[in-house]
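Beneath this line is the structure, given in C-alpha cells, with notes to follow.
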Amino acid sequence: MKLLPIIKKKNSPTIIAGPCSAETKEQLYQTCMQLAALGTVDILRAGIWKPRTRPGHFEGVGEIGLQWLQEVKQATHLPTTIEVATAKHVELALKYEVDILWVGSRTTTNPFSVQEIASALKGVDIPVLVKNPPSPDLGLWMGAIERFYKSGLPQIAAVHRGFSSHQKSIYRNKPLWEIPIALKKELPQIELFCDPSHIGGNRDLIASIAQYAYELNFDGLMIETHQQPDAAWSDAQQQVTPEQLDHILSELKVPLKELSNPNEQRTLDLLRENINKIDDALLELLVSRMEVSKEIGLFKQKNNLSILQQQRWGSLLDSRVKTGKHLGLSERFLKKYLEALHQESIKHQHKVLSKK
C-alpha cells in the first residue's frame, strides 16, 4: 500500500483544530479566525453532522454549516475538514469545497458504511482521515483504510481517538497505545494523528496526551477548540480556547526522529544491544519455564488433576503483581504479562494431557 501525506509540510507535526460542532456562523467564524491568527494551525475542523448515542440531543446544523465553513476557508486561506458518514454527506462536502474528509469512530465500525463512502469518493482526489473504531479491533481499522485505498485514494491518514471501556478510568476513551503502534507496524507509510480531546474527554489531559503522542512519533494532532468551550453545544469539557491551544502547543516538545551526531548514535546502538542480550536471556528463561510446565502437566496427568487450579493461579497472580509493583513495574503490564504467560503454560500442559 503506497500512501501519500495528507498535507505537504516540513518537519513539524500537522495541527488540526476547530470546534466539536459548528453551532452558529459567528461562533465558527470567530473561533477559526482566532486559530488562523495563531500561525500554528494547519487545518480547520468543524462538526457538521453529529452522531449522537440517543435522539433528542444536538445533531449538528447540517448543510448551512458547510456554507459557513466555506466562508471561513476563504477568509483564513486554511484547508478545512469535516466528518462524513454517508454518501450524501460526501456529495455536500464536495459541493462546498471541503478539502479533507474524516470518517468517525462509529462509522469505521461498519464496513457497509465505510464502503458507501469509499464508493462515493471513487475518482475524487481528496485526503481521508480514518478514526479508529470504539473497540480495540485492529482489523476493522485496517479494513476501513484498505477500502479507501482500493477506491483510488492514496492520501489516507489514521486518527487515534482512544477506545471505549466499561472500566473506570481517568480517560473518556482508553489510549491503548499498542493498537496505533501495531497499525503503524502493518502500514509503515501511514500518517498517524492523535485526538487527545476524545481520548481525555477533559481539557486538563490534552497536553499530556499530546506530548505522549509526539514521543511515539505521531505525525500530528486533532484538538477540539472553541471560542467559549464551557458554553459549547457538545463535548464542552474536552474543548479548549484558541489561547489555551496556543499555550499547549508552545509547551510541547517534538522529539527528533533521528540522531545527527555519530557518537550519540553509537551510544544508543550499544544500549539497544544490551536490550537484545537481556531479551535473549528472557526468552531462554521462558523456555525453561515452559519445560517445568510440561513436567507439571505430566504430574497432573498421573494424578488425574485438572489443568486449571484456580486458587493457585489467583494466589500467584496477586503475589507476582505485588512484587512487580514493588520493583517499579506497572500493574497493567504485570497483569497482561502474567495472564499471557499463564495461558501459554496451560497450552503446554494441555498438549501433555491430550496424549492420554
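The values are calculated or read from the model by the stated rules, or taken from the named source; none is laboratory data. The shown structure was predicted, so the numbers you read here are calculated from the model rather than taken from an experiment. Cβ atoms come from the backbone with ideal geometry, glycine included; neighbour counts cover every protein chain shown. Areas reflect the complete protein model, heavy atoms only, side chains present, ligands, DNA and RNA absent. Shrake-Rupley method; radii C 1.70, N 1.55, O 1.52, S 1.80 Å.
Considering only protein heavy atoms, what per residue accessible area in square angstrom results for segment 263-323 with a 1.4 angstrom probe? Walk me through the numbers before you get to the answer.
Values: 5040 Å² over 61 residues.
The answer is 83 Å² per residue.
Any idea of the accessible area per residue across segment 205-258, 1.4 Å probe, to the nearest Å²?
Ligands and nucleic acids excluded, the result is 50 Å² per residue.
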Would you work out the relative contact order for the chain, in percent, from Cα pairs under 8 angstrom that are 6 or more residues apart?
14 percent
Among 218-230, 318-330, how do they line up by average Cβ neighbours within 10 Å per residue, starting with the highest?
218-230, 318-330
For the chain, the percent of accessible surface on carbon and sulfur atoms (probe 1.4 angstrom, ligands and nucleic acids excluded) is 53 percent
Considering every Cα-Cα pair within segment 19-133, what fraction, in whole percent, is farther apart than 21 Å?
35 percent
Just how large is the dipole of segment 228-321 about the Cα centre, in debye to the nearest 20, putting +1 at every Lys and Arg Cβ and -1 at every Asp and Glu Cβ?
900 debye
Any idea of the accessible area per residue across segment 106-158, 1.4 Å probe, to the nearest Å²?
41 Å²
Rounded to whole Å, sorted largest first: equivalent-ellipsoid semi-axes of segment 208-353, Cα gyration tensor
47, 26, 12
Which of the helices in the chain, when you take each full DSSP H run, stretch at least 15 Å along the axis at their Cα atoms and have an average Kyte-Doolittle score of 0.0 or higher?
138-150
Looking at the chain, I'd like the Rg to Rh ratio, where Rg is from alpha-carbon atoms and Rh is Kirkwood's inverse mean 1/r.
1.06
Could you give the size of the charge dipole of segment 9-91 about its Cα centre, using +1 on the Cβ of each K and R and -1 on the Cβ of each D and E, expressed in debye and rounded to the nearest 20?
240 debye
Rounded to the nearest 500, what is the 222 nm mean residue ellipticity of the chain from helices alone, with -39500 (n - 2.57) per DSSP H run of 4+ residues and division by all residues?
-16000 deg cm²/dmol
Just going by the charge dipole of segment 192-344, with Lys and Arg at +1 and Asp and Glu at -1 on Cβ, which of Ala231, Leu341, Cys194 is farthest out on the positive end?
Leu341
Interchain or long-range residues, amide H under 5 Å from Leu129's placed H:
Leu101, Trp102, Val103, Ala157
Test of understanding: in a Gaussian network model of the chain with alpha carbons linked when under 10 Å, which of Gly143, Gly60, Gly123 would top the mean-square fluctuation ranking?
Gly123
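So, with +1 on the Cβ of K and R and -1 on the Cβ of D and E, and no other charges, what is the size of the charge dipole of the chain about its Cα centre, to the nearest 20 debye?
Roughly 1780 debye for the chain.
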